[in-house]
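So the structure is just underneath, and the comments pick up after that.
The values are calculated or read from the model by the stated rules, or taken from the named source; none is laboratory data. Computed from a predicted structure; not experimentally measured. Ligands, DNA and RNA are stripped out before the accessible areas are found, and what is left, the full protein with its side chains, is counted by its heavy atoms. Shrake-Rupley method; radii C 1.70, N 1.55, O 1.52, S 1.80 Å.
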Amino acid sequence: MYLVHARLRAPTGQRIPSRAAEFVTRQAREADRLEHVSVHESGDDWVLGLFFTTETLAEAEGNAVRLCGRALEADGPLRGWVLLGSGAALIDAPWDPWAGSGPGPAGGGRLMPLPDLSTRKPFPPL
């Protein structure tokens, strides 16, 4: 499952309608493979959290753009809103033990130490 965030802005700075998640869900097609929608305020903008069960992240991100386009163009509570951007929500350490500089299985978020390039050996000894 992939989480894609879509950032929206209201034409007049208004709050997002209470049933926006339900409305966006109704705009989805079976091929979109949308599982769930959540809504969050983010400063002057609003963020839709779109959860997809697609095979790839690229497919999920494409589906998010198309779904938001349909929701913003349809007669409904989001007509006139603007899609500012969308993309996968990437999680960094310490929540993802394999990423960044947070604590990981080998410490420091790494699976193994970095190679010592001065020795011209690509892999450190075990």
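Which residues' amide hydrogens lie under 5 Å from the amide hydrogen of Thr54, considering only partners 5 or more residues apart or on another chain, with H built in the peptide plane?
Tyr2
In whole Hz, what ³J(HN,Hα) sequence does region 62-79 give by Karplus (6.51, -1.76, 1.60; θ = phi - 60°), x for Gly and Pro?
x, 4, 5, 5, 5, 4, 5, x, 5, 5, 7, 8, 6, 5, x, x, 9, 4
Just the number please: accessible area per residue for region 1-89, 1.4 Å probe, all protein chains included, in Å².
Accessible area per residue: 56 Å².
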